[in-house]
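Q: I have a structure I would like to understand better, so I am pasting it below and will then ask my questions one at a time.
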Amino acid sequence: MDATTEIDRPYALAERVGPLVRRVLARNPSPFTYTGTQTYIVGDGSEVAVIDPGPDEPEHIAALVEAIGDSRVVAIACTHTHRDHSPAAAPLKALTGASIIGCAALVLDDDGPRADASFDAGYKPDRVLADGEALTGEGWTLRGVATPGHTSNHLCFALEETGALFTGDHVMGWSTSVVSPPDGDMTAYMASLTKLYEREQDSVYYPAHGPEVTKPRQLVRGMIGHRRQRERQILRQVESGVTRITDMVPLMYKGVDERLWPAAGRSVLAHLLDLEKRGVTVRREDEWGLVAAN
């Protein structure tokens, strides 16, 4: 069923999804956000962290405040600054007094097709969490894992006590991530996937959209293979004389909702730019060709 037509989701309700972790689903379903943005509350004691506070919607923020209760919010942590992830950080900070500690600020004109993917110009972190740096609270430790690619400022958070990794939009259980230039970078995205695959300590992924991932390394291995397959498809298209992205996408994404084709085109562009860096393809205005062998 199309996620945008489902009406029985537990919106504005804190659900226990694992040790030390509760989830609150925002009511912002779309073809790109699946059933909506999932905000995670980490910690069961007097101190908690809120990961990806989500959109600035009164119902969602009220549900977060209710779930937090009398606990002190140690940090409001954002994986990245697309508008379905970080806008609630500022009003939640005003209500709780918590610091915004997480990804770096990033504001640019996104030329991708996603209406929900513009950057949050109001995001102002009190502190940027570096790769490998930790946040701590009563009974929990979150460590930053830099994963650029979907966006250049994307950051995952590892919950060291349980082996959980909060993956934002970098890895999702329901779909692959859109990689949209100029900020989205396929070279960085593939390197970040490899980085996660090498993290054998992660036992479960909690993405911002879609179900938890209980076999994370298996999924990541499949994602790497899927991207390599897409790369081979693109090269076959170029070799056969299909040189424009607008002509490649309908051939490559026949079974995909056509509403997603513009976003798919952005990922094709990201692949072609990656191949260009590697000296495989060359761009001539809006057409692409192969670099001639010596």
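The values are calculated or read from the model by the stated rules, or taken from the named source; none is laboratory data. Just so it is clear, the model here is predicted, and its values are computed rather than measured. Heads up, the Cβs are rebuilt from the backbone with ideal geometry, glycines too, and the neighbour counts pull from every protein chain shown.
Q: Residue by residue through region 238-276, note down the ones that are over 27 Å from Leu196 (Cα atoms), part of a helix (DSSP H, G or I) and polar (S, T, N, Q).
A: Passing the criteria: only Thr246.
Q: Moving on. If you go through region 203-237, how many residues are of a type outside the set (S, T, N, Q), in a loop (DSSP other than H, G, I, E, B) and over 17 Å from the mean Cα position of the chain (by Cα)?
A: We begin by selecting, within region 203-237, every residue of a type outside the set (S, T, N, Q); these are 204-213, 215-217, 219-228, 230-232, 234-236.
Of the ones still in play, those that are also in a loop (DSSP other than H, G, I, E, B) are 208-212, 215.
From what is left, the residues that are over 17 Å from the mean Cα position of the chain (by Cα) are 215.
Residues that pass the stated criteria total 1.
Q: Determine the pairs where a residue that is free of Cβ contacts under 8 Å to residues at least 12 places away in the same chain, located within region 270-288, has a partner that is in a helix (DSSP H, G or I) and of a type outside the set (Phe, Trp, Tyr) with Cβ atoms under 7 Å apart, the partner being 6 or more residues away or on another chain.
A: Partner pairs satisfying both residue conditions: Val282/Glu276; Arg283/Glu276.
Q: A further question follows. Only one residue in Thr167, Thr162, Thr194, Thr176 is at pLDDT 95 or above and either over 18 Å from Val145 (Cβ atoms) or assigned to a loop (DSSP other than H, G, I, E, B) (or both). Which one?
A: Values: Thr167 fails: either over 18 Å from Val145 (Cβ atoms) or assigned to a loop (DSSP other than H, G, I, E, B) (or both); Thr194 fails: either over 18 Å from Val145 (Cβ atoms) or assigned to a loop (DSSP other than H, G, I, E, B) (or both); Thr176 fails: at pLDDT 95 or above.
Testing whether each residue is at pLDDT 95 or above and either over 18 Å from Val145 (Cβ atoms) or assigned to a loop (DSSP other than H, G, I, E, B) (or both) leaves just Thr162.
Q: Kindly provide the set of residues from region 35-51 that are out of contact with any helix residue (DSSP H, G or I) (no Cβ under 9 Å at 6 or more places or on another chain) and either of a type outside the set (A, V, I, L, M) or surrounded by fewer than 22 Cβ atoms within 10 Å (Cβ to Cβ) (or both), ordered by number. Please lay out each step first, then the result.
A: Quick first cut of region 35-51, residues out of contact with any helix residue (DSSP H, G or I) (no Cβ under 9 Å at 6 or more places or on another chain) only: 38, 40, 42-47, 49, 51.
Passing the criteria: Gln38, Tyr40, Gly43, Asp44, Gly45, Ser46, Glu47.
Q: Which number in (1) surrounded by fewer than 16 Cβ atoms within 10 Å (Cβ to Cβ); (2) not assigned by TED's automatic domain parsing to the domain that holds Glu285 marks the one condition that Pro250 misses?
A: Result: Pro250 passes all but (2).
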